[in-house]
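Each remark here refers to the structure printed beneath this line.
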Amino acid sequence: MKGKSNEVFNAEMRNRTKNFAVRIILFYKQLQKSGATYIIGKQLLRSCTSVAANFRAATRGRSVAEFYSKICIVTEEADETQFWLEIFEEAQLAQSADIRPLHQEASEILAIVTTIKHKLKMAKKGRE
């Protein structure tokens, strides 16, 4: 077999993105709350849970166009999640050792969904 079936891959990514959202929630729960951590933390929670929710929605899409649309949202939200993690680290709102593994996972998820997005875009161009 050349690669994983779409169903297996989608199930694994649904789990991966959901687990990532849970990890971010647990990270947020352990933070000392201040004005900055509260506001930026809420943004981080919104973006990472959106990654999971929209990837799940993408896999339930009724068409390739709907799947592509949701993957575009996942890509944007994964990038935004990276941004908020960078803000946490650069503003020293949390320990770098706590942020780095989350940032790594966000980077990997972003790379995966960006590849999916580009492949879908190229396939669409090939059909035109």
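Some observations on this one:
- Normalised per residue, the accessible area of the chain is 61 Å², obtained with a 1.4 Å probe and no contribution from ligands, DNA or RNA.
- Translational D in µm²/s for the stretch 68-128 (Stokes-Einstein at 4 °C, 1.567 mPa s, Kirkwood Rh from C-alpha pairs): 102
- Nearest 10 degrees, 0 to 90: helix 35-59 Cα axis against the chain principal axis: 20
- Cross-link reach list, lysines versus residue 18, counting only Cα pairs under 30 Å and skipping chain neighbours closer than eight places: 2, 4, 29, 33, 42, 70, 117, 119, 121, 124
- Cα-based reach from residue 125 at 20 Å (exclusive), listing aspartates and glutamates while leaving out same-chain residues under 8 positions away: 66
- Using a probe radius of 1.4 angstrom, the carbon and sulfur fraction of the accessible surface of the chain is 54%.
- Extending 7 Å from the Cα toward the beta-carbon at both residue 4 and residue 63 defines two label points whose distance is 2.8 nm.
- Between 0 and 90 degrees, the angle of helix 64-90 with respect to the longest Cα principal axis of the chain falls at about 20 degrees.
- Rounded to 10°, Cα long-axis angle of helix 96-127 versus longest principal axis of the chain: 20
- Among 81-89, 36-44, the order from most to least packed when residues are scored by Cβ within 10 Å on average: 81-89, 36-44
- Here the mean projected area of the convex hull built on the C-alpha positions of the stretch 1-90 is 6.7 nm².
The values are calculated or read from the model by the stated rules, or taken from the named source; none is laboratory data. Everything numeric here is computed off the predicted structure, so don't read it as measured data. Neighbour counts are summed over all protein chains in view; Cβ atoms, including those assigned to glycine, are modelled from backbone coordinates with ideal geometry. Calculation scope for accessible area: heavy atoms of the full protein, side chains included, ligands and nucleic acids excluded. Shrake-Rupley method; radii C 1.70, N 1.55, O 1.52, S 1.80 Å.
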